[in-house]
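The values are calculated or read from the model by the stated rules, or taken from the named source; none is laboratory data. All of these numbers come straight from a predicted model, not from anything done at the bench. Cβ coordinates were reconstructed from backbone atoms using ideal geometry, including for glycine residues, and neighbour counts include every protein chain displayed. Just the protein is used for accessible areas: all its heavy atoms, side chains included, with ligands, DNA and RNA removed. Shrake-Rupley method; radii C 1.70, N 1.55, O 1.52, S 1.80 Å.
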Amino acid sequence: MRLRNVPGAREAIAEHSMTFTEPEKNKGQWKEIFGNDRPIRIEIGMGKGNFIIQMAQENPEINYIGIEKYSSVLIRALEKCEELELDNLKFIRMDAEYICDVFEKDEVDRIYLNFSDPWPKDRHAKRRLTSRQFLGRYDQILKPDGIIEFKTDNDQLFEFSLEEIPEANWKLVDSTWDLHNNEELCKGNIMTEYEAKFSAMGNPIHKLIANR
Ligand code: SAM
């Protein structure tokens with residue numbers, strides 16, 4: 001994603017009612033933050049937020065938290081939320097490497113990873129959001145029956161992710177190399193910004209679902 005500095009983004013995010021400046025203080029208390037007992041699903045690397053905003057609109061009985069590393073990107077999601085009044089959606093600006101500082105064991109029901117950065121160099125493999133290191137972190141915060149759902153158009157990253165799952169003692173529930181032509185897995189699919197862009201270019205979209 002091309003990053004442009006957006007002046008004032010960091011300050012605007014800090015003051016926004018849908019975001020948290022010290023999310024680690026809410027560890028274990030996210031249900032209280034939402035004020036109900038509904039399941040919590042998170043998207044890591046949510047970019048400008050199309051996917052998670054639409055999910056929150058379509059599923060009011062589920063709580064959603066979008067996680068994004070950069071203020072200049074997250075601010076765009078906040079702008080989209082203006083006038084939507086979604087009380088089941090929150091955002092955190094953070095590096096997902098520290099996800100275990102923010103969520104308690106079993107606090108998260110589902111994790112979405114959409115078009116995660118590929119980090120093509122081998123020495124950067126542990127930064128990929130589907131690496132065994134990240135799967136180990138998800139293992140600590142995800143409910144025992146929780147799942148991760150991952151979409152990408154990147155062949156190498158998808159192949160890598162399929163290999164990392166058994167290495168991290170996770171199990172592949174389902175997968176496809178061509179999501180948009182897979183009737184079963186594409187049911188109810190919500191496109192992300194990258195998914196719309198890359199599928200318009202003719203790239204097949206890959207998806208996998210994994211649990212432990
Ligand atoms: N999910 C969106 C989509 O599908 O349109 C955005 C995809 S974009 C290629 C990847 C996003 O993940 C970027 O916005 C990037 O800043 C964010 N990201 C990458 N690594 C991250 C990390 N460790 N923690 C939080 N966000 C991260």
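Taking the conditions (1) open to solvent by less than 80 Å² (accessible area, probe 1.4 Å); (2) free of Cβ contacts under 8 Å to residues at least 60 places away in the same chain; (3) within 13 Å of the ligand (Cβ to nearest atom) in turn, Asp106 satisfies each one other than (3). For segment 151-171, the condition of being open to solvent by 40 Å² or more (accessible area, probe 1.4 Å) and among the aromatic types (Phe, Trp, Tyr) holds for none of the residues.
For segment 31-52, a residue qualifies if it is within 15 Å of the ligand (Cβ to nearest atom) and either touching a Cys at 6+ places or on another chain (Cβ under 9 Å) or open to solvent by less than 70 Å² (accessible area, probe 1.4 Å) (or both), and the qualifying residues are Arg41, Ile42, Glu43, Ile44, Gly45, Met46, Gly47, Gly49, Asn50, Phe51, Ile52. Selection within segment 3-30: residues that are part of a helix (DSSP H, G or I) and in contact (Cβ under 8 Å) with a residue 12 or more places away in the chain. The member of this set that is most open to solvent (accessible area, probe 1.4 Å) is Arg10. Comparison of Arg137, Arg127, Arg123 shows that the only residue that is within 14 Å of the ligand (Cβ to nearest atom) and surrounded by fewer than 18 Cβ atoms within 10 Å (Cβ to Cβ) is Arg127. Output yes when any residue across segment 191-204 is aliphatic (A, V, I, L, M) and within 26 Å of Phe103 (Cβ to Cβ), and no when none is. Scanning segment 191-204 turns up no residue that is aliphatic (A, V, I, L, M) and within 26 Å of Phe103 (Cβ to Cβ).
For segment 120-212, list the helices (runs of 4 or more DSSP H) that sit wholly inside it and hold at least 2 residues that are closer than 26 Å to Lys69 by Cα and touching a residue at least 12 places away in the same chain (Cβ under 8 Å); which are they?
Values: elements: 132-141, 155-167, 183-186, 193-200.
Passing ranges, in order: 132-141, 155-167, 193-200.
Any chance segment 172-186 includes a residue that's closer than 24 Å to Ile141 by Cα and open to solvent by less than 30 Å² (accessible area, probe 1.4 Å)?
Checked segment 172-186: no residue is closer than 24 Å to Ile141 by Cα and open to solvent by less than 30 Å² (accessible area, probe 1.4 Å).
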